[in-house]
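Here's the structure, in structure tokens; my notes come after.
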Amino acid sequence: MVLLAEYLSINANVLNEFTKKAEIAVEVEDKDVTTFASLGWKEVLGGLKSGELGCEFLQDFAATKLDAIMWPLLGTVVPFEVRADQSAVGVNNPKYTGNLLIKSWNPLSGSVGDEATVGVTFPTSGAVTRATS
């Protein structure tokens, strides 16, 4: 599969026109429950789950564009949706949804001659769900 038309929505704002990369990652803590009965083998159980949404955007400072959308969200928890393609959600195009803490915003980054980009990672707040309908 080649990602050609990834879908990203943050706080009900579809950000496809600015998004160069969106990456959802989830994990679970491993908790060591090893005892002497383990006979020298480590045993683990899953603990708390967490996630992150990493994004790379092309910046736009126009009145209704990316910076104007994201700046007011700083410090708030907002809903998100990400999927591999902009087409309808289905078994071949699941959606991942949840809430994000807009923990940081890097409005300007780049060197001479570079495109103005924004690279950020937002921690999830609460459950991340996967749905096919």
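Other residues lying with their Cβ under 9 Å from the Cβ of K95 contribute a combined charge of +1, Lys and Arg counting +1, Asp and Glu -1. Sorting the segments 22-28, 62-68, 109-115, 51-57 by their mean number of nearby beta carbons within 10 angstrom, highest to lowest, gives 51-57, 22-28, 62-68, 109-115.
All distinct Cα pairs of the range 32-108 go into the 1/r average, and the inverse of that average, the Kirkwood radius, is 16.5 Å.
Over the C-alpha trace of the chain, radius of gyration and Dmax come out as 18.3, 64 angstrom.
Let me check I've understood the local charge: for L15, count other residues with C-beta under 12 angstrom from its C-beta, Lys and Arg +1, Asp and Glu -1. What total comes out? Value of the local net charge: -3.
Readers should treat all values here as calculations from the given coordinates under stated rules, not as data from a laboratory. Note that the structure is a prediction, hence the values are computed from the model and not measured. Please note: Cβ atoms are built from the backbone with ideal geometry, for glycine as well, and neighbour counts cover all protein chains shown.
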